[in-house]
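Reviewing the structure listed below.
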Amino acid sequence: MGRDLRPVAVKNVIIEDNSFWGERVRKVRDVGLPYQWQALNDAIPGAAPSHAMENLRIAAGRASGKFHGMVFQDSDLAKWLEAVAYQLAVNPNYELMKAADEVIDLIAEAQDSNGYFNTYFTIAEPNKRWTNLRDWHELYCAGHLIEAAVAYYEATGKRKLLDVAIKLADHIDSVLGPEPGKKRGYPGHEEIELALVKLYRTTGLQRFLRLAKYFIDERGRQPHYFEIEAEARGESRFPAWIGEKSYRYWQAHMPVREQTTAEGHAVRAMYLYSGMVDVALETGDSELLQACERLWDNVTNRRMYVTGAVGSSAHGEAFTFDYDLPSDAAYAETCASIGLAMWANRMLQYRLDSRYSDVMELALYNTVLSGMSLDGTKYFYVNPLEVWPEACDKRRDLSHVKYERQPWFGCACCPPNIMRVLSSLGAYAYSYGQEKICIHLFVAGRAGFVVGGQNVVITQTTDYPDGESICIEVSPEQEAEFTLAVRIPGWCGNPELKLNGVAQDLGGLVRSGYAHITRRWTRGDRIQLTFPMPVQRVRANPAVRDLVGKVAVRRGPIIYCLEEVDNGSNLAAISLPSDAELSSYFDKDLLGGTTVIAGNAVRDDESAWPEKLYCTRKPERKVVQVKFIPYWKWANRKPGEMRVWIRES
Ligand code: ZN
């Protein structure tokens, strides 16, 4: 065991501009990142101010004033920087590079001589550094800075930010750890763990891997560090806002190796599990991987929405319990689905199995994409599966649910997170080993690998997921023997695969959801995949109380929804007869070109109901035409109701 596979570097994947993903990635590069640069500089009228750049200028001594914003405001800028790095890795862009270099110069200026960097503590509370690891996000911000630094170095070869990150990591190593004289702490918001593993992989410096492993293993141990530091601050064990007196919120209720259910704040959990896989892959720690597998099983079989969203409760932005997946009150943070995709991608490096990549695809094509408007400048933090705008406006328990994407947020973790995941999509699409190339996602474009000592280029031509077919051209520099492992999506009932025009028996090729083709490949060899995409009705385990008797509509990897603009108000009154036929067609004029699903359904007629609330008679029903659009494209026209799960009659 250990690290058999690794993701391809972002710079080695060119995504075809004029394609499903290319269009999204281009929107990030040309619109989203410049827009967010304005947001980070508080230059978007009407949007919640970020203060992130202003804080940095003050910390660097270039401006004066007070710190504004969240204690973790630095992380927004770091994620933006990381996204810029991924874009620069494949596409030189002078404006973005100039802005990034300006940020990096300021960060280097603001860094303390001992390596410390965090604008909040530098400006506002220099005496409180490292005194509240539970709540104050210093390690979280450091982690994002390290990720940005590694990405920027890998993309541009420029070391300045990497040197800042190394100095910062060394400072952290000098303050925290099991050795005498250090604080035996770990972060309240995980992120540093996976970042330190990245720093280790880039620098080869073992101490960063050791520190990551320490943070993983220390979490949840007794005596509880969060209590030790709370006592030192003269505070009670738990903060006032935590309703449940437990360390579950921080995944610190027990050592991570003993955990079997996903608990607490969903984004933190996803980042922790990602870090656990990273450490396990580098150290060959099978016990830690087994814990990750148990947690994976719990999340994906009991606690995940059909859209690949996780974290069903607004209180604590958290996991709750098995099968608790309310559609209207869902929290389902964009960042949590990004974290789920990150975790899935890491599980794939440990074991090539489509149960990981199916979930990765689900999260990316649905909840992650739903987080950004089609024009790239508006964002969802919360991704509900059912919306009644009036209820969101008037019910306090639904006040977290927005039915229109926002230009920015006071707590803006999601918008730049979407930028970095879409800008690094190539690294989710492929991984490779000594003599193996794996294709996880179907992304038009080309990718380069060195396999068996040979340069190999893989070119995918496809209009997936609107289209059902993918052509993969395999071009080694010279003839070479290796294995190509291609994911066969779990949602597909009757896939077909042709090799150089000859149909192959998939039964003999598929292991753990991947077709393994081992041969001597020659330039121009072609694989033709066909994944038929009939409209499917998805049903939930009856244990999910909220979803009994309901169906969701899916085509390929895309989950669909009804919107008021197409189907009128009160979508709850619509039901789908179990034998009603639904068909799909491509509408080039709708929402930038969309595969739509349409058919007949039944509507309980509100207008025929007497003027009272309750009555013994049955509602009158009428047949209506319904139109479903991809969930990720909802809320791009006018505000209104939306619904994923429909009653089946
Ligand atoms: Zn977020």
Exercise. Please state which one of ARG395, ARG355, ARG351 is in contact (Cβ under 8 Å) with a residue 60 or more places away in the chain and out of contact with any helix residue (DSSP H, G or I) (no Cβ under 8 Å at 6 or more places or on another chain).
Key: ARG351
Quiz prompt | Criterion (surrounded by 13 or more Cβ atoms within 10 Å (Cβ to Cβ) and among the acidic types (Asp, Glu)) met by exactly one of GLU641, GLU581, GLU606 | solution = GLU641
Quiz item: In the range 76-127, how many are under 30 Å from LYS27 (Cα atoms), crowded, with 23+ Cβ neighbours inside 10 Å and among the small types (Gly, Ala, Ser)?
Solution: 4
Quiz item: For the range 1-111, which fully contained helices (runs of 4 or more DSSP H) count at least 2 residues that are of a type in the set (A, V, I, L, M)?
Solution: 33-40, 52-59, 74-90, 94-110
Quiz item: So which residues in the range 282-328 are open to solvent by 10 Å² or more (accessible area, probe 1.4 Å), over 20 Å from the mean Cα position of the chain (by Cα) and of a type in the set (A, V, I, L, M, F, W, C)?
Solution: PHE321
Exercise. Select from the range 329-341 the residues that are within 13 Å of the ligand (Cβ to nearest atom) and either open to solvent by 10 Å² or more (accessible area, probe 1.4 Å) or of a type in the set (A, V, I, L, M) (or both) and list them in ascending order.
Key: TYR331, ALA332, ALA336, ILE338, LEU340
Quiz item: Quick one: how many residues across the range 612-629 are open to solvent by 10 Å² or more (accessible area, probe 1.4 Å) and either of a type in the set (Asp, Glu) or under 26 Å from the mean Cα position of the chain (by Cα) (or both)?
Solution: 1
Quiz item: Can you name the helices (runs of 4 or more DSSP H) wholly within the range 161-259 that have at least 3 residues being open to solvent by 50 Å² or more (accessible area, probe 1.4 Å)?
Solution: 206-218, 225-232
Quiz item: Which of (1) in contact with a helix residue (DSSP H, G or I) (Cβ under 6 Å, 6 or more places away or on another chain); (2) surrounded by 22 or more Cβ atoms within 10 Å (Cβ to Cβ); (3) in a loop (DSSP other than H, G, I, E, B) is the odd one out, the single condition TRP136 does not satisfy?
Solution: (1)
Exercise. Determine which member of the set TYR356, TYR350, TYR323 is closer than 23 Å to VAL548 by Cα, out of contact with any strand residue (DSSP E or B) (no Cβ under 7 Å at 6 or more places or on another chain) and away from the ligand (no atom under 12 Å from the Cβ).
Key: TYR323
Quiz item: Looking only at residues in the range 260-269 that are surrounded by 15 or more Cβ atoms within 10 Å (Cβ to Cβ) and not in a helix (DSSP H, G or I), which one is nearest to the ligand (Cβ to nearest atom)?
Solution: HIS265
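The values are calculated or read from the model by the stated rules, or taken from the named source; none is laboratory data. It should be emphasised that the depicted structure is a prediction, and the values quoted were computed from it without experimental measurement. Neighbour counts run over all protein chains shown; Cβ positions are idealised from the backbone, glycine included. All accessible areas refer to the heavy atoms of the entire protein, side chains included, with ligands and DNA or RNA removed. Shrake-Rupley method; radii C 1.70, N 1.55, O 1.52, S 1.80 Å.
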